[in-house]
Amino acid sequence: MPNWRQLARARLGGLSLDPDREDEIVTELAHHLEDLYEDWCQRGVAAEEATARALDAVPDWAELRREIQYAEQGDDAMNQRTRNLWLPGMVTLAFSWGLLRLFYWAGLRPRIIWMDEHAFLWFSLPWLLVLPTIGALGAYWSRRVGGRPWERLLAGAFPAVVWTVLFIAFFPVAVLVDSHVSLVRQLSTLASFLLSSCVVPGAALLAGTLAFLKDHPREPARFAA
Amino acid sequence: MVAVSAEIKRGSAELAILALLAEQPLYGYEIAKRIERETHGALRFTVASLYPTLYRLEKRGWVKASWQASRSGRRRRYYRLTPEGKKQLVPLRAQWRLFFRALDRLAGVARA
């Protein structure tokens, strides 16, 4: 007979709950799998096949973990989104902007490369070097509270997303205000802003999130008991 | 549309579980088997849908669980309906009855 508690524990991973409650849940799920296994065995299915069929009762353990976490936290979808995305995203945003300001204050000013009289590229090497860590923090936080992979990705890259949305949203206003400047020139300014403030920092932030996109811990081989 | 579908699924699962537990205390595996048997396989609860629903109901105080020896002598976590759960079951049944009647009326119109 497989060790169902061990199998369930390995697949479910950490629930970030009180250890006693977590243990109770694992035990209960293990009993369910055990009952399924015995049902299959009684129907004449071989032990190995019965184990596989019992485990098939949970096609996605990561999803089950999230659902249990949501149920245990006892809140609705809006609160889940706040916890999984908005909160870690806002922290990522605050850290990234705060650090940029701090570097500026410390004299590590961004380097500016003028493309023409309207468009310029800027980059701050120390800031770009720190951004992967900030992205990782956002993704880790989101994963820790049960965020789905896309929520972790977005939480980590949140500052770049905010910049992108702001630039694009205010672009029509800029076009109206600077109506004497040609549209082509304004578009090239927007493109240089997007590249410096969104694309490059976004890539650095995303690099940090990569380690936290997979569910943890990894599922062991199917029959590892 | 997706949200409505998820809500319907969740709501119907809660009703099915509460209605079963109104008859007698049961543990998770028994609940899944009973639902499958009594609906002739039309409704099936997987581990992934059953336990989060049970924990949600427990969190709301509609069901209460305790470890007890099952008929086979093994310890299982039995769920029973609380007085609050009993109170909630009445309007829940009425809401679903209304929902199915409305759907039935609509389907009848569509066929006419």
Restricting things to Cα coordinates, could you compute the convex hull volume per residue of the range B:1-96 in Å³? 106
Taking 0.36 nm per intervening residue step and subtracting the Cα-Cα distance, what contour gain separates residue A:129 from residue A:87 on full extension? 12.8 nm
Contact order normalised by length for chain A, with contacts defined as Cα pairs under 8 Å and 6 or more residues apart; what percent is it? 25
Could you check the simple spin-label distance between residue A:45 and residue A:102, using points 7 Å along Cα→Cβ, in nm with one decimal? 5.5
Cβ charges +1 (Lys, Arg) and -1 (Asp, Glu), total dipole of the range A:1-141, debye: 1060
Given A:211, A:15, B:50, which one lies farthest toward the positive end of the charge dipole of the protein assembly as shown, if we put +1 on the Cβ of every Lys and Arg and -1 on the Cβ of every Asp and Glu? B:50
Farthest toward positive dipole pole in the range A:1-92 [+1 Lys/Arg, -1 Asp/Glu at C-beta], among A:42, A:57, A:90: A:90
Beyond a 30 Å Cα-Cα separation, which of these cross-linked pairs lie in this structure: B:33/B:59; A:214/B:86; A:214/B:64? A:214/B:86; A:214/B:64
Between exposed trypsin sites (Lys or Arg not before Pro) in chain B, where DSSP calls loop and at most 13 other Cβ atoms lie within 10 Å, what's the longest gap? B:1-43
Volume per residue of the C-alpha convex hull in the range B:53-112, rounded to whole Å³: 123
Per the helix-only model, the protein assembly as shown has a calculated mean residue ellipticity at 222 nm (DSSP H runs of ≥4, -39500 (n - 2.57) each, divided over all residues, rounded to the nearest 500) of -22000 deg cm²/dmol
Going from the fewest other Cβ atoms within 10 Å to the most, one would list A:40, A:4 as A:40, A:4
Let me know the charge dipole size of the range A:83-217 about its Cα centre in debye, to the nearest 20, where only the beta-carbon of Lys, Arg (+1) and Asp, Glu (-1) is charged. 500
Based on other C-beta atoms within 10 Å, arrange A:58, A:175 from fewest to most. A:175, A:58
I want to check the label-to-label distance for residue B:105 and residue A:21. Put each point 7 Å from Cα in the C-beta direction and report it in nm to one decimal. 4.2
Report the trypsin sites (Lys or Arg not before Pro) located in the range A:1-65 that are in a DSSP loop and have at most 13 other Cβ atoms inside 10 Å of their Cβ, or state none. A:43
Does the range A:106-211 classify as rounded, prolate or oblate by the C-alpha gyration tensor (a ≥ b ≥ c root eigenvalues; a/c under 1.5 gives rounded; else a/b over b/c gives prolate, otherwise oblate)? oblate
Can you compute the equivalent ellipsoid semi-axes for chain A, i.e. the square root of 5 times each eigenvalue of the Cα gyration tensor, sorted largest first and rounded to whole Å? 50, 17, 15
Whether the range A:4-73 is rounded, prolate or oblate, judged on the alpha carbon gyration tensor where a/c under 1.5 counts as rounded: prolate
Considering Cα pairs under 8 angstrom that are at least six residues apart, work out the relative contact order of chain B and quote it in whole percent. 26
Taking the beta-carbon count within 10 Å as an exposure proxy, list A:189, B:46, A:92, A:51 from fewest neighbours to most. B:46, A:189, A:51, A:92
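No value in this document is a laboratory result; all are computed from the given coordinates. Quantities reported herein were computed from a predicted structural model and do not represent experimental measurements. Positions of Cβ are backbone-derived with ideal geometry, glycine not excepted, and every protein chain shown enters the neighbour counts.
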